[in-house]
Amino acid sequence: MVTLTIMDKEEKKKHYEEVLGSIKNMIEGEDDLMAVLSTISCELYYAFEHWNWVGFYRRTDARTLKVGPYQGGHGCLTIDIDRGVCGASVREKSIMMIRDVSTVDNHIVCDSKTKSEMVLPIVGSPGTVLAVFDVDSTELGAFDQTDKEYLSKLVDWIRPLYDRDASRFVDENQSGGGTNFSI
């Protein structure tokens, strides 16, 4: 697969169409959640040259996110939902698009090369955040509305599979519809 650095809007859309089309073909009919998440992480990591971490943090209880699957350097093994951009995405049930991670007080530094980040919550049918999809970049301002649009489509593909997964976390007390948030 061809890797590209930050590109203009039309190039990015075309690249996403190709990459997501390929991913959709690979995961079509696959019922194993870990196989799907692993495939998505791998394909996206190698599709965008300026992305240095692509993966998931799974919700394991009311307060905890656990890493994996992912591609890139070591991620934090465990994140409390009161910490970091991933935790904020869970608390707010919102997409977090961070232009410059150095401006975020509670950003958790896993890789000093990371300059920007996008985190998308995977909200299950009962309204519970089941996981977050986290993408980091070595470039400032790497993420925009095009990334949000296409990565949101990908999260929509994952949601039904997550809802059927017996090991998913279910929080009966979590409510709210969520918003979108950018810095």
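The values are calculated or read from the model by the stated rules, or taken from the named source; none is laboratory data. Everything quoted here is computed from the prediction, not taken from an experiment. All Cβ positions, even for glycine, are placed from backbone atoms using ideal geometry, and neighbour counts span all protein chains on display.
If we keep just the residues of segment 7-23 that are loosely packed, with under 11 Cβ neighbours inside 10 Å and over 19 Å from Ile40 (Cβ atoms), which is modelled with the highest pLDDT? Break it down stepwise before answering.
Narrowing segment 7-23 to residues loosely packed, with under 11 Cβ neighbours inside 10 Å: 8-10, 21.
Right, trim to over 19 Å from Ile40 (Cβ atoms) and you get 8-10.
On the way: Asp8: 86, Lys9: 88, Glu10: 92.
Only one residue tops the list, namely Glu10.
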- prompt: Regarding Ser125, is this residue in contact with a helix residue (DSSP H, G or I) (Cβ under 9 Å, 6 or more places away or on another chain), at pLDDT below 95 and not charged (D, E, K, R)?
  reply: yes
query: So which residues in segment 119-134 are touching an Asp or Glu at 6+ places or on another chain (Cβ under 6 Å) and without any contact (Cβ under 8 Å) to a residue 40 or more places away in the chain?
result: Val119, Ser125
Of the criteria (1) closer than 20 Å to Asp147 by Cβ; (2) of a type in the set (A, V, I, L, M, F, W, C); (3) assigned to a helix (DSSP H, G or I), which one Ala35 fails: (1)
message: Among the listed residues Val132, Val119, Val155, identify the single one that is within 20 Å of Val54 (Cβ to Cβ), at pLDDT 85 or above, in a helix (DSSP H, G or I) and in contact with a strand residue (DSSP E or B) (Cβ under 7 Å, 6 or more places away or on another chain).
response: Val155
- prompt: Considering only residues of segment 16-52 that are aliphatic (A, V, I, L, M) and in contact with a Pro (Cβ under 7 Å, 6 or more places away or on another chain), which is nearest to Lys153 (Cα to Cα)?
  reply: Leu37
message: When the residues of segment 81-109 are narrowed to those that are in contact with a Gly (Cβ under 8 Å, 6 or more places away or on another chain) and of a type in the set (S, T, N, Q), which ends up surrounded by the most Cβ atoms within 10 Å (Cβ to Cβ)?
response: Ser94
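Taking the condition of being surrounded by 19 or more Cβ atoms within 10 Å (Cβ to Cβ) and among the hydrophobic types (A, V, I, L, M, F, W, C), how many residues in segment 28-42 meet it?
Residues of segment 28-42 surrounded by 19 or more Cβ atoms within 10 Å (Cβ to Cβ): 33, 36-37, 40-41.
Going one step further and asking which of them are among the hydrophobic types (A, V, I, L, M, F, W, C), we end up with 33, 36-37, 40.
Residues that pass the stated criteria total 4.
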message: Contact list please: Cβ distance under 7 Å, first residue in segment 135-148 and in contact (Cβ under 8 Å) with a residue 24 or more places away in the chain, second residue surrounded by fewer than 16 Cβ atoms within 10 Å (Cβ to Cβ) and not in a loop (DSSP other than H, G, I, E, B), pairs at least six apart or on different chains.
response: Thr146/Lys9; Thr146/Lys13
task: Give the residue that is surrounded by the fewest Cβ atoms within 10 Å (Cβ to Cβ), with candidates limited to residues of segment 61-80 that are of a type in the set (Val, Ile, Thr) and within 15 Å of the chain's Cα centre (by Cα).
output: Val67
